[in-house]
Each structure stands twice: as C-alpha cells, then as structure tokens.
Amino acid sequence: MDDDTIEPFGFPAIGRKKVVAAIDGGRLTSDGGVMLLAAAERQLGICDRLVALISDPRDPARVVHPLADILRARILAIACGYEDAD
C-alpha cells in the first residue's frame with residue numbers, strides 16, 4: 001500500500017481555535033459542522049438581516065439576549081436536528 005498523504009482541508013480559525021477537517025477516524029462529533037455553519041451565518045449576516053424585519057416588543061433595558069442571538073441559536077439547533085429545542 002502506498003504511503004500517500006492527503007493535504008488537509010483547512011478552515012478559518014474560530015476565535016483562537018484551529019479548525020481542520022480530516023477523515024482519519026480520530027475523535028468524532030456529529031455537531032462539529034455547526035461551528036462552520038455558524039461562521040458562515042455570521043459572515044453572511046443572515047440573522048442580523050432577518051432581525052431587521054422582526055419587531056421586538058421587549059423592553060430594551062431588560063433585554064439580556066439580543067434577538068439576533070436567539071434567532072441564531074434556534075436556526076442552528078434546527079440545523080443540528082434539534083427541531084423540538086431539547
């Protein structure tokens with residue numbers, strides 16, 4: 001068998017964490033792709049644009065979580081298969 005090595009496919013770092021895709025069978029997670037999806041969403045600004053179309057009746061002085069963050073969390077949960085938010 002040849003000892004070929006495949007060049008790794010690199011992703012941009014998220015915070016100070018390096019993101020690398022590999023199929024060598026090491027530690028695996030089913031939710032790893034959500035990090036890349038979240039990075040793409042932030043770069044495209046999808047939730048921020050959607051929030052501009054939604055009225056927020058909450059008292060701004062009492063808001064802890066911005067509507068964009070709530071929407072982003074819900075969208076990413078659905079993308080991970082957690083439609084019921086459990």
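Quick notes on this structure:
- A protection proxy built from the mean count of other Cβ atoms within 10 Å ranks the segments 32-44, 51-63, most packed first, as 32-44, 51-63.
- Residues with amide H under 5 Å from that of PHE11, placed H, sequence gap 5 or more: VAL19, ALA21
- Per-pair calculated FRET efficiency, R0 = 41 Å: VAL19 and LEU53 via Cβ, rounded to 0.05: 0.85
We did not get these values from a lab; they are worked out from the coordinates using the rules stated. Given the structure is predicted, the values throughout are model-derived calculations rather than measurements. Glycine gets a Cβ as well: all are built from the backbone with ideal geometry, and neighbour counts include every protein chain shown.
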